[in-house]
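Inspection log for the structure reproduced underneath, given as C-alpha cells.
The values are calculated or read from the model by the stated rules, or taken from the named source; none is laboratory data. Predicted model, so just to flag it, every value in this text is computed and none were measured. Positions of Cβ are backbone-derived with ideal geometry, glycine not excepted, and every protein chain shown enters the neighbour counts. When the accessible area is computed, the model is the full protein with side chains, heavy atoms only, and any ligands, DNA or RNA have been set aside. Shrake-Rupley method; radii C 1.70, N 1.55, O 1.52, S 1.80 Å.
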Amino acid sequence: MSTTATDYALLRDGGQVLLRAARKEDRSRVEAMFRHLAPGHLAMRFHSSGRSVNDSMIDVALGGHALVAELGGDLVALASYYPLRDPGSAEMAIVVADTEHRRGLGTALFERLAQDARAAGIRRFLALVQANNSAMLALLDHLGFGRTRHLDGGVVEVSVDLRPDPAYLARFDARRHTAALASLEPLFRPRAVAVIGASRRAGTIGNAVFHNLLAGGFAGTVYPVHPTAPAIGSVRAYASVAAIPELVDLAVIVVPAAAVLAVADEALTAGVRALVVISAGFAEAGEAGTHRQAALLDLCRTHGARLVGPNCMGVLARDGESTMNATFAPSLPPAGPVAIASQSGALGIAILEQARSLGLGIASFVSVGNKADLSSNDLIEYWEEDPTVRLIVLYLESFGNPRRFARIARRVGAHKPIVAVKGGRGAAGRRAAASHTAALAGSEVAVDALFRQAGVIRCDTLQELFEVSTLLVHQPLPEGNRVAVLTNAGGLGILCADACEASGLVLPALTEETTQALCALLPPEAAVANPVDMLASGPPAGSVGFRGDRVG
C-alpha cells in the first residue's frame, strides 16, 4: 500500500479527478472495477495472471506503491510500481475503467506515480506492455519522457527515464493548457447562469449582481434563486438550482458563509460546472473559515467543477456582443483588449472605475479572492487563446505555483504583454495580505527575480500600471531593445539615456543616412548623436521622427 497524499488533477475534458493512495478498504472496489473490464483488458494489464479476476491479481494490483483515481466517489483507475533489484528502477502498470478512456486519466496517474517515484529515488520505470495494447503504448510515447522499446515474444518492454527534462515539461504544460481551457469554458461562456441569493432589496450585493447580469446584455439565461420569493426584478425565481428547467453552467453564490456549503452542494449535484462564491467568511476569517473553505473546495473537486473565490467580487466576460457581468461593480469600462485579474475585490472595483474613466477597454475581469481553486495561472492560460485579449493585467498578493507561473508567463508574455502590481512588499503589507485574502506573500527579492525571469512588467503603483497599460494598448510592441532618444534639452536626454540603459535598453549609434537627414532638419549646433539634442530652438514636436530601420 502507498502513503501518498491526496491530490487532484485536471483532465483533458476539463473535469477533475481525485488521486490518492490506495487503502486496504479499496480491495473490494478494485475487484469490482476489474470485473467490469471488457474481455481481454485484464490480460493486457496482467498478461502473466490469466484472464479471470482472482485474489492473486488483486494482491499484485495493490502491492508496492499503489494509487487510485476517483471520479464522483467512484473508483475508476489504478496505477502502481514495484521496485526492482536494479537500484533506481521499478516496474509499473496502469489500468483505467472502460467507461473513462480518452479523458487523460492514465496520463494523470502516470505523472503522479512518476513524481512519487522520483521522491523515492527511482529514476526509471519499466513497463511490460502487450504489443496489441496500443492505448498504453501511445500513452508512454506521448508523455514526453525519454524512453526506449524492446519487443520480446509479443510483449514490448518500455524503459521510461523519469527525469523531467525540457521535452517532458513542454508536453506537461501543453496537457495542462488543454485541460485548463476546457475547465474554464463554463465560467467564461456559460449558457445559463443562476444567482443564488438574488435579492429584491436595492443596495444588497445579491440585488446588484442579478441586476448587472440582466443589464449587461448577457446572451444566455439568468435565473434568480431565492427560497421564498416568487420573482425578482420581474423574473421568475426558483427555490433551488435543481428546480430550474434548464441545465445551469455557472452559479454565483451570494449568501451568508454558513449557508454556502449547502447551496453549493445542491447546485453542483444539479449539474453546475463552475461556482463564483462572492460570500466572505472563509480562510481570510480564521480557523473556522479555513475549514469551511477546504470543504467547499473538496466539494467542487468531487463534482469536477471550478471555483472562483470565495471572498471575491465576481467575474466579467465579454463574448462578441454579449457581456456577462456577474459582479457587483457599480459601473463598467467599455469593451476592449485588456484582461484583468485582481486578488482584491475592493481594489478590483477601483481598477474597473479607473479603466472606465480612462476609456481603457476591458475584455475580461476576474476577482479571484482567496484563490481556493482558480488562480492567475489558469487565467493567463485561458486568455492566451482568447483572440480579443491583447494585454493581461494582474493585481497579486501571493503566488500559488511560482514555477508554473514563470513558465506560463514567459510563454504568453512573448506575444501578449503581462503587467503586474504585487501587493505585500513590506512586513506590514504581508500581514495585511494574510488577513485580507488569506495570501502568503513571498519575499520581494524572490518576486523581482520571478518577474524578471518570466518577462512580466512590474509596476509599483496603480497609476503606473494604468500608464503602462494604456501605452501597451495603443502602441505596437517594440521588435527589439534598441532605442533612439529625441529631446530639446541635453540634460533630459542624458537622464533618458541613463534610464534606458538601467533597464537593459540600448542606444545605438545612428546610421549615416539618419544623421544626414537630421542635419538637414536641425540647427547646425544641434547634437545628432543618440540622444539627439535639437536644442531649445529645435522644430516643433512631430516634425522629426525615426524610422526603425535607421536606428543602429
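Listed by first and then second residue, the pairs with beta-carbon distance under 9 Å, at least 6 apart or on different chains, first residue in the stretch 175-191 and free of Cβ contacts under 8 Å to residues at least 60 places away in the same chain, second in a loop (DSSP other than H, G, I, E, B) and open to solvent by less than 60 Å² (accessible area, probe 1.4 Å), are ARG191/GLY220; ARG191/VAL248; ARG191/ASP249. Condition check: in contact (Cβ under 8 Å) with a residue 24 or more places away in the chain and under 26 Å from LEU11 (Cβ atoms). Does LEU84 satisfy that? Answer is no for this residue. Out of the residues in the stretch 85-107 that are of a type in the set (S, T, N, Q) and more than 18 Å from LEU128 (Cβ to Cβ), which is modelled with the lowest pLDDT? This residue is THR99. Within the stretch 39-73, if we keep just the residues that are at pLDDT 80 or above and assigned to a loop (DSSP other than H, G, I, E, B), the residue that is farthest from GLU185 (Cα to Cα) turns out to be ASN54.
The rows are residues; the columns are (1) in contact (Cβ under 8 Å) with a residue 60 or more places away in the chain; (2) within 21 Å of ASP86 (Cα to Cα); (3) open to solvent by 20 Å² or more (accessible area, probe 1.4 Å).
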position: LEU113; (1), (2), (3): no, yes, no
position: ARG123; (1), (2), (3): no, yes, yes
position: ASN133; (1), (2), (3): yes, no, yes
position: ALA138; (1), (2), (3): no, no, yes
position: GLY144; (1), (2), (3): no, no, no
position: HIS150; (1), (2), (3): no, yes, yes
position: GLY154; (1), (2), (3): no, no, yes
position: LEU162; (1), (2), (3): no, yes, no
position: ALA167; (1), (2), (3): no, no, yes
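Scanning the stretch 386-409 for residues that are among the hydroxyl-bearing types (Ser, Thr, Tyr) and either within 16 Å of SER342 (Cβ to Cβ) or part of a strand (DSSP E or B) (or both) yields a count of 2. Tell me, which residue of the stretch 345-385 that is hydroxyl-bearing (Ser, Thr, Tyr) and within 27 Å of ARG403 (Cα to Cα) is surrounded by the most Cβ atoms within 10 Å (Cβ to Cβ)? Among residues in the stretch 345-385 that are hydroxyl-bearing (Ser, Thr, Tyr) and within 27 Å of ARG403 (Cα to Cα), the one surrounded by the most Cβ atoms within 10 Å (Cβ to Cβ) is SER367.
Restricting attention to the stretch 289-336, which residues are surrounded by fewer than 19 Cβ atoms within 10 Å (Cβ to Cβ), in a strand (DSSP E or B) and touching a residue at least 60 places away in the same chain (Cβ under 8 Å)? Selection gives ASP319, SER322, GLY336. Annotation note: Cβ proximity below 7 Å between a residue of the stretch 385-407 that is within 17 Å of ASP448 (Cα to Cα) and a residue that is surrounded by fewer than 23 Cβ atoms within 10 Å (Cβ to Cβ) and charged (D, E, K, R) (sequence gap 6+ or interchain) occurs for ARG407/ASP173.
Looking across the stretch 386-398, the residues that are touching a strand residue (DSSP E or B) at 6+ places or on another chain (Cβ under 9 Å) and either aromatic (Phe, Trp, Tyr) or open to solvent by 20 Å² or more (accessible area, probe 1.4 Å) (or both) come down to THR388, ARG390, TYR395.
For the stretch 85-111, the set of residues classified as open to solvent by less than 30 Å² (accessible area, probe 1.4 Å) and out of contact with any helix residue (DSSP H, G or I) (no Cβ under 8 Å at 6 or more places or on another chain) consists of GLY88, SER89, LEU105, ALA108, LEU109, listed by residue number. Would you tally the residues in the stretch 337-369 being part of a strand (DSSP E or B) and of a type in the set (Val, Ile, Thr)? Residues that pass the stated criteria total 4. Scan the stretch 225-266 residue by residue and report those that are without any contact (Cβ under 8 Å) to a residue 60 or more places away in the chain, in a strand (DSSP E or B) and not hydroxyl-bearing (Ser, Thr, Tyr). The answer is VAL225, ALA231, ILE232, VAL235, ARG236, ALA251, ILE253. Contact annotation: residue pairs with Cβ atoms under 8 Å, 6 or more positions apart or on different chains, pairing a residue in the stretch 408-420 that is more than 10 Å from VAL393 (Cα to Cα) with a partner that is among the polar types (S, T, N, Q) and in a helix (DSSP H, G or I), are ILE408/ASN377; ARG410/GLN453.
Please go through the stretch 465-500 and pick out each residue that is assigned to a helix (DSSP H, G or I) and either in contact with a Cys (Cβ under 7 Å, 6 or more places away or on another chain) or touching a residue at least 40 places away in the same chain (Cβ under 8 Å) (or both). Residues satisfying the conditions are LEU465, PHE466, VAL468, SER469, THR470, LEU472, VAL473, GLY490, GLY493. If you go through the stretch 518-532 and keep only what is open to solvent by less than 50 Å² (accessible area, probe 1.4 Å) and either at pLDDT below 90 or touching a His at 6+ places or on another chain (Cβ under 9 Å) (or both), you end up with LEU518, LEU522, PRO523, ALA526, ALA527, VAL528.
For the stretch 244-259, which positions are of a type outside the set (A, V, I, L, M, F, W, C) and either within 23 Å of the chain's Cα centre (by Cα) or under 21 Å from ASN325 (Cα atoms) (or both)? Walk me through how you get there before you give the answer.
Start the filter on the stretch 244-259 by keeping residues that are of a type outside the set (A, V, I, L, M, F, W, C), which leaves 245-246, 249, 256.
The answer is GLU246, ASP249.
Go through the stretch 473-497 and give me each residue that's open to solvent by less than 100 Å² (accessible area, probe 1.4 Å) and within 30 Å of ARG390 (Cα to Cα). Of everything in the stretch 473-497, those that are open to solvent by less than 100 Å² (accessible area, probe 1.4 Å) and within 30 Å of ARG390 (Cα to Cα) turn out to be VAL473, LEU477, GLY480, ASN481, VAL483, ALA484, VAL485, LEU486, CYS496, ALA497.
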